[in-house]
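The values are calculated or read from the model by the stated rules, or taken from the named source; none is laboratory data. Model, not experiment: these values are computed from the prediction. Glycine also receives a Cβ, built like all others from the backbone with ideal geometry; neighbour counts cover every protein chain displayed. Ligands, DNA and RNA are excluded from the accessible area calculation, which covers all protein heavy atoms including side chains. Shrake-Rupley method; radii C 1.70, N 1.55, O 1.52, S 1.80 Å.
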Amino acid sequence: MGNKIVLCLCFVFMPFYVLAQTKTGRISGKVTILDNKSIEKGYVFLINTNFQSNINTQGEYYFENVPFGSYTLVAFASGKKTYEKDITLYTEDIRLDAIYLQDFETELESVTIQAQREKTFGITRLKSVENFGIYEAKKNEVIVLDDINANLSTNNARQIYARITGLNIWESDQAGLQLGIGGRGLSPNRTANFNTRQNGYDISADALGYPEAYYTPPTEALDKIEIIRGASSLQYGTQFGGMLNFRFKKGNPDRKLEFITRQSIGSWGFLGTFNSFGGKIGKVQYYSYYQYRKGEGYRPNSNFDYHNGFIGLDYQITKDFLVNIEITKMQYLAKQAGGLTDRNFQENSRQSLRNRNWFKADWNLFALNFTWKLSENTQLNMRNFALIASRSSVGNLERINVADFGGNRTLIDGQFQNFGNEIRLLHKYSLGNQNPKNTLLVGSRIYQGTTTATQGEGTAGNDANFSYLNPNDVENSDYKFPNQNYAFFIENIFNISQKISITPGVRFENIQTYAKGYYKQYLKDGAGNIIEENKFEENKARTRNFLLFGLGISYKYSDKTEFYGNISQNYRAINFSDLRIVNQNFRIDPNIQDEKGFTADFGIRGDLEEVFTYELTAFYLAYKGKIGQVLRTDSVLFNDFRFRTNVSDARNVGVEAFGEISLSKLFGGKNKNLKSSIFANFSYIDARYINTQDNTIRNKQVEMVPPITLKLGKNFSYKNFNTSLQFSYIKEHFSDASNSQRTATAIEGIIPSYKVMDLSVRYTWRFLTLEGTVNNLLDEKYFTRRAEAYPGPGIIPADGRGFYLTLQGKF
């Protein structure tokens with residue numbers, strides 16, 4: 001292994017000798033304020049570089065020794081709109097004078113986010129107030145996609161979320177078709193413990209009744225990813241995990257048409273194409289893309305075919321009134337190789353014991369948003385969104401230690417139709433001569449969701465046939481789950497002084513859930529013949545009204561250091577998968593109840609002279625009646641199965657730490673072409689079941705909670721060349737509340753510790769960029785989950801070493 005690491009490091013640094021002779025030039029120009037006032041304080045810089053220039057009183061700026069290539073130039077001044085322009089340096093001296101800064105028309109994202117990018121190679125934090133949200137005293141992280149070097153073509157979550165603390169990531173498919181992340185000891189299953197959003201609106205199957213995200217936006221189209229922890233429950237819904245928001249790129253405001261194309265190839269027959277169009281014509285700014293991916297997969301029987309498209313329009317009707325329209329379409333078909341037993345995995349982790357399992361998803365999202373600037377201190381935002389979607393799976397759900405002898409497959413189908421409206425009023429005000437001003441945020445939410453879920457027998461073949469044999473009377477269950485949600489919240493930042501703020505908040509929730517349909521039970525003889533069939537009709541309704549409270553405190557010790565603390569109540573309603581599903585590996589307590597609890601954080605964050613950026617957080621998650629899975633044995637067939645119920649009360653306590661050091665600044669490097677940093681991301685979590693009389697789980701570890709997560713990374717860039725090396729370590733943990741070591745069906749047991757290393761390289765020449773990635777550089781054999789149903793049941797192996805190349809052109 002030592003020789004492998006030496007070879008990797010040689011591969012990382014050898015290209016710098018070749019690139020050292022790249023030509024350089026000078027960029028200069030003049031910035032003008034439209035009202036002809038002098039510029040008191042302004043800057044011009046090139047994104048993703050260390051090149052930054054003050055704007056002098058005459059508006060002049062300049063950069064020396066800039067390597068030839070393509071850049072994005074940004075100019076800004078206090079109280080003015082940010083100016084961005086794509087430029088290409090191909091001569092020794094260019095001058096750009098046509099830079100005009102205008103007054104703000106609407107509240108735009110602050111340029112301070114841009115300025116912070118130099119410090120941390122891809123991660124920053126939200127402002128106290130941004131995008132009609134309050135983030136004062138809250139743990140939050142923002143991934144800036146342009147500033148990280150990762151495998152974007154396959155949505156590689158291990159690399160993209162490397163700097164986000166406390167995450168457990170499931171790796172279930174080669175191309176990142178579904179995202180599975182969980183924070184602070186919460187299940188990563190389809191990211192269901194986060195309120196998952198795109199540009200501020202819901203994208204999951206049913207945010208209330210079935211909050212699973214079968215659709216994940218392509219990272220090639222994203223500007224940034226925002227993550228706010230459990231304290232976001234007052235503003236974004238009651239989930240314990242917090243809020244995850246994918247924010248798309250915008251069209252280039254300085255061009256009528258900008259075209260970007262990315263073509264990718266990779267291991268196991270991977271092909272990907274991503275093409276985007278964006279720009280601004282008159283008062284309309286637009287951005288659209290189409291992405292296609294296909295591949296054969298790491299294991300047999302794991303091929304996929306994926307399509308995704310998007311169009312977004314911003315229409316600035318007046319300087320104070322903005323309309324936004326967005327449409328998203330995604331569909332894919334994937335064959336699933338099924339799970340393995342522990343013995344299968346040790347013998348050959350790439351084998352497949354199932355060749356008749358398929359999954360498909362079809363996602364259609366619509367959004368219509370309005371933003372009004374009512375006055376200098378007051379703004380109103382309205383978000384209207386709708387989802388029409390479906391997911392279907394067909395295959396053999398039999399335990400993986402039993403051979404597939406053919407016969408009819410199990411077909412599970414879900415249809416989702418949802419509509420939501422959110423209104424937010426943001427108002428800044430002063431009490432006397434107070435500075436800074438206080439901020440009040442008032443919001444409401446109306447949500448209507450309807451899910452149709454059916455399960456019955458499908459065809460006996462091995463093709464992707466998603467039709468029932470008896471569609472009018474399916475064999476297992478047929479349900480409709482309507483639900484409604486009405487919510488109202490208030491949150492306010494009280495700035496006690498320049499350094500201290502207090503942010504209290506309250507949220508009122510009305511949740512109405514319904515279940516109407518039937519399920520069937522069968523009595524069979526030893527040969528599997530049906531002796532008796534029973535059909536049970538159900539018509540259930542539940543209504544809940546409750547208040548959630550929260551409080552945050554921030555102390556800004558200096559401009560570079562902040563102490564913060566918060567506590568917020570959380571609530572997780574049971575969803576339709578908690579109510580009815582037929583699976584011999586998985587059974588549900590008919591008396592299962594909602595979860596209640598709270599999240600508390602205390603932390604410190606800041607940076608030291610732009611050399612060291614850090615954040616240290618201690619947290620506590622408390623559950624009353626935590627929903628979990630315990631191992632049970634069938635009294636008749638003596639088969640092991642997971643039993644999903646309110647296991648007991650639980651608590652997760654832990655520490656999260658992140659730090660990144662700019663080596664080039666630490667050692668006083670004056671070469672602006674050279675940038676280097678190292679980062680470390682560490683979390684320790686102790687999650688236990690408490691307050692229970694059940695001796696089988698008392699003080700046992702909560703399932704799917706790695707006690708230690710460690711991620712290390714090294715970034716190095718010279719002129720237009722950039723490389724990164726990343727290491728991930730996840731300590732062993734359990735897959736059920738009983739803390740089983742191993743079972744014959746492999747749906748329970750230890751998830752062993754594993755170590756993974758990734759290497760990424762990128763080089764830009766004028767309008768072309770070449771990217772290369774080696775995933776799982778040392779070819780580690782590991783797995784991140786044991787599935788009780790799709791895509792298993794059993795162990796789902798992670799991918800071995802894979803190679804990927806992407807060529808990008810920007811025109």
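Here's the picture: charge each Lys and Arg Cβ at +1 and each Asp and Glu Cβ at -1 in the chain, and of Ile400, Phe76, Ser664 the one pushed furthest to the positive end of that dipole is Ser664. Farthest towards the positive end of the charge dipole of the stretch 237-348, among the residues Ser267, Ile325, Asn344, is the Cα of Ile325, using unit charges on the Cβ of Lys, Arg, Asp and Glu.
For the chain, what % of the accessible area comes from carbon and sulfur atoms, probe 1.4 Å? In the chain, the share of accessible area belonging to carbon and sulfur is 56 percent.
May I have the count of lysine pairs in the stretch 700-811 with C-alpha atoms under 12 Å apart, counting pairs 8 or more residues apart or located on different chains? List each step's numbers first, then the result.
Working: Lys711/Lys731; Lys711/Lys755; Lys731/Lys755; Lys755/Lys781.
Total qualifying Lys-Lys pairs in the stretch 700-811 comes to 4.
Rolling a 1.4 Å probe over the protein heavy atoms leaves His307 with an accessible area of roughly 60 Å². A straight Cα-to-Cα reach below 15 Å connects Lys596 with the aspartates and glutamates Glu509, Asp649, residues fewer than 8 places away in its own chain not being considered.
Kindly identify the stretch 218-327 as rounded, prolate or oblate by the Cα gyration tensor criterion: order the square roots of the eigenvalues as a ≥ b ≥ c, call it rounded if a/c is under 1.5, otherwise compare a/b with b/c, prolate if a/b is larger, else oblate. Oblate, because a/c is 1.5 or more while a/b does not exceed b/c.
Rounded to the nearest 10 square angstrom, Lys596 shows an accessible area of 110 square angstrom against a 1.4 Å probe.
Of Arg766, Arg507, the residue with the largest accessible area leads and the full order is Arg766, Arg507 (1.4 Å probe).
Loop-located GluC sites (Glu not before Pro) across the stretch 37-104 with a Cβ neighbour count of 16 or fewer within 10 Å are Glu40, Glu92, with loop assigned by DSSP. Would you list which lysines come within 16 Å of Lys294, measuring only between C-alpha atoms, while excluding same-chain residues fewer than 8 positions from it? Correct list for Lys294: Lys335, Lys360.
Given +1 at the Cβ of Lys and Arg, -1 at the Cβ of Asp and Glu and no other charges, the dipole of the stretch 175-318 around its Cα centre is 300 debye to the nearest 20. Ignoring lysines fewer than eight residues from Lys556 along the same chain, the ones with Cα atoms less than 28 angstrom from its Cα are Lys41, Lys80, Lys81, Lys119, Lys127, Lys138, Lys139, Lys224, Lys428, Lys437, Lys499, Lys665.
Can you find, among Asn357, Thr743, Gly312, the residue farthest towards the positive end of the dipole of the chain? Put +1 on the C-beta of Lys and Arg, -1 on that of Asp and Glu. Result: Gly312, furthest along the dipole toward the positive end. What the Cβ-Cβ distance of Asp463 and Ile496 gives, at R0 = 60 Å and to the nearest 0.05, is a FRET efficiency of 0.35. Under the simplified labelling scheme, the Ile87-Met382 pair shows an inter-label distance of 4.2 nm, with each label point 7 Å from Cα along Cα→Cβ.
Indicate the gyration tensor shape class of the stretch 265-321 (rounded, prolate or oblate), computed on the Cα atoms with a ≥ b ≥ c the square roots of the eigenvalues: a/c under 1.5 is rounded; otherwise a/b larger than b/c is prolate and the rest oblate.
Prolate, because a/c is 1.5 or more and a/b exceeds b/c.
Taking the longest Cα principal axis of the chain as reference, the axis of helix 2-13 is set at about 40 degrees. A Cβ-based charge dipole, computed about the Cα centre of the chain with Lys and Arg at +1 and Asp and Glu at -1, lands at about 1040 debye. Net charge dipole, the stretch 358-434: roughly 220 debye, given to the nearest 20, about the Cα centre with Cβ charges of +1 for Lys and Arg and -1 for Asp and Glu. Accessible surface for the chain, divided over its residues, is 40 Å² per residue with a 1.4 Å probe.
Solvent-accessible area of Met382, all protein chains in place: 50 Å² (probe radius 1.4 Å, heavy atoms, ligands and nucleic acids excluded).
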